[in-house]
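Down below is the structure, laid out as structure tokens.
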DNA sequence: GGAATTTAATTGACATATAAACTATTCACA
DNA sequence: TGTGAATAGTTTATATGTCAATTAAATTCC
């Protein structure tokens, strides 16, 4: 049950053991996230689009004709306000996003997916969905559900009111 | 067994369900990593140091008087080569790191923790180790070990020769 | 109705990241 | 031994992410 030197530890080439399992789990989460991010990045690379950009486009597709205020897009990502403005600028320059000031609340900028953006997403959908099947590697559906449940608990413990 | 709307899904305010549990697990990993990163970031904020910087200093402390070539430091982080140069520059300017060209292999730059760097780390150690106890929130040691084991399998599936 | 507050978004400054191109040094091996 | 390949590190360019300050519009509340 107890694998001798600890694989993660060897991975990091650390000399000292982890302070606690808590510590080790946190590092495992951070490093696995990097692996996952890189994996999706490679899937998207041929389309010259990054994972956060792809996520924004998918969010806008979900919003449909109603569009979505800039900060609502940010709220659905990890991202804070300033980052989303820049990213939206890039997506706009590439012709995938359109923006218009909201009539109802003139402070808001509504963002929409363009037809070009929708076409791009359609091209990406198939390889991307196929990637989902590979991202968790050798894990069973049951393992995935366990991870989902446990990590949910971690996030919950750190969550603001929500 | 099947929780009705899915908490993560609600978190993301997505309309459509995840394509698969694989998909959902990947998103859970990415979002939890962000939570963990932010948590450690807040612990370190009073010391005006970032998590990656702190990791570099700890690696150099581990290396001791022998020091460590720049790219060896990078190898122990997620980080690729160019990033480590900049970060080391910043740590040098702050007086926490010292550098010297290796005599044995004149291509290498050996990096060392300075006495000031060591003092800083000592100040951070206690609050940081205390944070380890909180980072995994309500999870038991057993849960942590489960997460460690499952995520290890995910990384393994994506690993290069190693 | 109008001053104070809040909210949506942007700007500027800085830290991480990654890819590509480059310099300097070392190594492999014919 | 000497040339071509590999390695260590930096530079440049671009993208993501965060904080603090700012602008403009909407809301609160006397």
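General remarks:
- For region B:81-88, the criterion of being within 13 Å of DNA strand C (Cβ to nearest atom), under 23 Å from residue A:27 (Cα atoms) and either part of a loop (DSSP other than H, G, I, E, B) or in contact with a strand residue (DSSP E or B) (Cβ under 8 Å, 6 or more places away or on another chain) (or both) is met by at least one residue.
- Just one residue in the set B:56, B:19, B:35 is at pLDDT below 95 and either assigned to a loop (DSSP other than H, G, I, E, B) or more than 7 Å from chain A (Cβ to nearest Cβ) (or both); that residue is B:19.
- Hey, residue B:7 in contact with a strand residue (DSSP E or B) (Cβ under 9 Å, 6 or more places away or on another chain), facing chain A (nearest Cβ under 9 Å) and modelled with pLDDT under 95 or not: no
- Where a residue in region B:110-139 is touching a residue at least 12 places away in the same chain (Cβ under 8 Å) and its partner, wherever it lies, is exposed (fewer than 13 other Cβ atoms within 10 Å of the Cβ) and part of a helix (DSSP H, G or I), with Cβ under 9 Å and at least six apart: B:110/B:66; B:112/B:64; B:112/B:65; B:112/B:66; B:113/B:64; B:127/B:46; B:131/B:42
- Single residue of region A:38-51 satisfying the filter (part of a loop (DSSP other than H, G, I, E, B) and within 12 Å of DNA strand C (Cβ to nearest atom)) that is nearest to residue B:154 (Cα to Cα): A:50
- Matching option when the condition is free of Cβ contacts under 8 Å to residues at least 40 places away in the same chain, touching a helix residue (DSSP H, G or I) at 6+ places or on another chain (Cβ under 9 Å) and within 14 Å of chain A (Cβ to nearest Cβ), among B:76, B:61, B:99: B:76
The values are calculated or read from the model by the stated rules, or taken from the named source; none is laboratory data. Just so it is clear, the model here is predicted, and its values are computed rather than measured. A quick note on method: Cβ atoms are made from the backbone with ideal geometry, for glycine too, and the neighbour counts reach across all protein chains shown.
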